[in-house]
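Colleague: After the structure tokens below, expect a handful of questions from me.
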Amino acid sequence: MGLAYETKREDDSLESQYHKGVLHLCETGITKIPNKYIFPIEDRLRNTLGEEQTAECVGLELPVIDFAELQGSKRSQVLKSLSKACEEYGFFQVINHGIPHDDLANMIDVAKEFFELPFEEREKYMSLDLHSPVRYGTSFSQNSDKTFCWRDLLKLTCHPLSDMLPFWPSSPVKLRQVAALHSKQIKFLFLMIMGAVLESLGLASSSTCEDDGGEKILKQFEGGSQVMVLNCYPQCPEPDLTLGMPSHSDYGFLTVLLQDEAEGLQVLHQGKWITVKPLSNSFVVNVGDHLEIFSNGRYKSVLHRVLVNPSKLRVSVASLHSLPFDAIVRPSTKLVNEANPRRYKDTDFGSFVDYISTCDSKEKSFLESRKLS
Ligand code: OGA
Ligand code: NI
């Protein structure tokens, strides 16, 4: 009895240690990763069939969308590539987006500076409440994850910006200014890309549409939700045993990701994991669950994950965009007809957050739960 109690207490104190994050764990100078971070072998395999990855797939690249061309005379051609990318990959990279390179470098730098702050400073923003507008946390969904992933994160809710800014960390001193600029630049880019996505679905020309046509929904996005997640994946002594993020899909309409020069992101494509080669001065954009639902399944919210490495801390900034928090997301009536019946139930943001707060393995289960049989 006494022994069992001692063991239990040891576990509990370790548990609470893990909630302090991976950076904190690394500061203790470990050479092996604790069991808590070791994923089952099937989650770490190179592809879903359990075979080794073939050379052909390692080199496969994501479709590239030239934003400048999209805004110019080649728009209709680029819209076709965009639609193909959203149908076949659920992912694309955006180049020539017009955001100054220095601004992107500043954003990555300030994210790194935040994660380099002493633990006592970062700890001020720690919260177990997934609804909290600003939250320093770890793993994926740390209240319910059985296995913890090798990631610390700072979540910044961006809308409405002037109301949220006072809650953002006051240190490093540049953080609020740099991250606010980034959030505005990304919001603009998102609105332009979302406009193109709607047009590619055949919706944007319906300017007089009264229900959920392109024009109206684009207006809703202007006041829609935006959450920025600064991700930190520290160097890992046993990178093959764990994951920076397990396989998941994103919940919103589109995620716009800025990553530093270290590799890590993998996208599931035709049963194989493709490593995304970071393209300098570009963004990785992906379709989220809400866009899959809105497009009635035409555009795909695809599973992706993050690998970690032994030598380099990796930082990324993901901006997740959707409709206002309480809006109902449902298949566009224009995309539902007899030949293509409605495939998803209504959903909203709140139900998603509640769902991930209580589920362990996320995978595609939220989206699955919204499917009509
Ligand atoms: C995410 C995500 C990928 C990365 O934040 O949802 O998938 O490379 N991030 O950090
Ligand atoms: Ni993601």
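The values are calculated or read from the model by the stated rules, or taken from the named source; none is laboratory data. Here the structure is a predicted model, which means the values were calculated and not measured. Counting neighbours? That spans all protein chains shown, and the Cβs are built from the backbone with ideal geometry, glycine included. Note: accessible area is taken over every heavy atom of the protein model, side chains too, but ligands, DNA and RNA are not part of it. Shrake-Rupley method; radii C 1.70, N 1.55, O 1.52, S 1.80 Å.
Colleague: For Lys272, list the lysines whose Cα falls under 18 Å from its own Cα; do not include residues on the same chain fewer than 8 positions away.
Modeller: Lys300, Lys364
Colleague: Something else: Measuring from the lowest to the highest alpha carbon on each principal axis, how far does the chain reach, largest first, in angstroms?
Modeller: If we take the Cα atoms of the chain, the spans are 72, 46, 41 Å.
Colleague: Could I ask something else about it? Using the Cα atoms of segment 210-271 to build a convex hull, what is its mean projected area in square nanometres?
Modeller: Averaged projected area of segment 210-271's Cα convex hull equals 6.9 nm².
Colleague: What is the calculated FRET efficiency for Glu121 to Asp326, with r their C-beta to C-beta distance and R₀ = 56 Å, to the nearest 0.05?
Modeller: That pair, Glu121 with Asp326, gives E of 0.95.
Colleague: From the backbone phi of segment 277-282, what are the Karplus-calculated ³J(HN,Hα) couplings (6.51 cos²θ - 1.76 cosθ + 1.60, θ = phi - 60°) in whole Hz, Gly and Pro given as x?
Modeller: Per-residue couplings from phi come out as 6, x, 9, 5, 6, 9 Hz.
Colleague: Sticking with this one: For segment 2-370, with the dipole built from +1 on Lys and Arg beta-carbon atoms and -1 on Asp and Glu ones, taken about the Cα centre, which of Leu254, Leu218, Gly202 lies farthest toward the positive end?
Modeller: Positive-most Cα among the choices belongs to Gly202.
Colleague: Another question about this same structure. Considering only protein heavy atoms, what per residue accessible area in square angstrom results for the chain with a 1.4 angstrom probe?
Modeller: Ligands and nucleic acids excluded, the result is 45 Å² per residue.
Colleague: Another question, if that's okay. Report the FRET efficiency, 1/(1 + (r/R0)^6), for Asn96 and Ser13, where r is their Cβ-Cβ distance and R0 is 45 Å, rounded to 0.05.
Modeller: For Asn96 and Ser13, the calculated efficiency is 0.30.
Colleague: Lys312: net charge of surrounding residues, Cβ under 14 Å, Lys/Arg +1, Asp/Glu -1, itself excluded?
Modeller: Net charge in that neighbourhood comes out at -1.
Colleague: Related question: With a Förster radius of 41 Å, plug the Cβ-Cβ distance of Asp43 and Glu87 into 1/(1 + (r/R0)^6) and report the FRET value to the nearest 0.05.
Modeller: 0.95
Colleague: Whose amide H sits under 5 Å from the amide H of Leu254, counting only residues 5 or more places off or on another chain, with H placed in the peptide plane?
Modeller: Under 5 Å from the amide H of Leu254 lie the amide H atoms of Gly288, His321, each far enough along the sequence or on another chain.
Colleague: From Cα pairs below 8 angstrom and at least 6 apart in sequence, can you work out the relative contact order of the chain, rounded to a whole percent?
Modeller: Taking the mean separation of contacting Cα pairs over the length of the chain, I get 20 percent.
Colleague: Work out, step by step, the length gained on full extension between Glu368 and Ser162: first 0.36 nm times the residue separation, then minus their alpha carbon distance; give nm to one decimal.
Modeller: 70.6 nm
Colleague: While we're looking at this one, here's another question. How far, in nm, would the chain grow between Thr31 and Glu69 when pulled straight, counting 0.36 nm per residue and subtracting the alpha carbon separation?
Modeller: Extending this stretch completely gives an extra 8.8 nm.
Colleague: Using only Cα atoms, find the angle between the long axis of helix 75-88 and the longest principal axis of the chain, and express it within 0 to 90 degrees, rounded to the nearest 10.
Modeller: 50 degrees
Colleague: Can I ask one more? Could you derive backbone 3J(HN,Hα) for segment 31-41 from the dihedral phi with the Karplus parameters 6.51, -1.76 and 1.60 (θ = phi - 60°), listing whole Hz in sequence and x where the residue is Gly or Pro?
Modeller: Using θ = phi - 60°, the values come out as 10, 10, 8, x, 3, 3, 9, 8, 7, x, 3 Hz.
Colleague: Could you tell me the relative contact order of segment 97-212? Use alpha-carbon pairs under 8 Å, at least six residues apart, and round to a whole percent.
Modeller: 22 percent
Colleague: Can you give me the % of accessible surface on the chain that is carbon or sulfur? Probe 1.4 Å, all protein chains present, nothing else counted.
Modeller: Carbon and sulfur together cover 54 percent of it.
Colleague: Let me ask something else about it. Tally Lys and Arg at +1 and Asp and Glu at -1 over the other residues with C-beta under 9 Å from the C-beta of Leu154: what net charge comes out?
Modeller: Residues near Leu154 contribute +2 overall.
Colleague: Could you sort out which of Lys187/Lys312; Lys32/Lys174; Lys155/Lys312; Lys124/Lys174; Lys155/Lys184; Lys146/Lys345 sit more than 25 Å apart by Cα distance in this structure?
Modeller: Lys187/Lys312; Lys32/Lys174; Lys146/Lys345
Colleague: Taking the Cα centroid of segment 239-265 and of segment 108-165, what is the distance between the two, rounded to the nearest whole Å?
Modeller: 16 Å
Colleague: May I pose another question? Looking at segment 78-153, I'd like the Rg to Rh ratio, where Rg is from alpha-carbon atoms and Rh is Kirkwood's inverse mean 1/r.
Modeller: 1.11
Colleague: Please give the length that would be gained between Ser144 and Ser170 if that part of the chain were fully extended, namely 0.36 nm times their separation in residues minus their C-alpha to C-alpha distance (nm, one decimal).
Modeller: Full extension from Ser144 to Ser170 adds 6.4 nm.
Colleague: Most fluctuating residue of Val306, Val353, Val256 in a GNM of the chain with Cα springs under 10 Å: which is it?
Modeller: Val353
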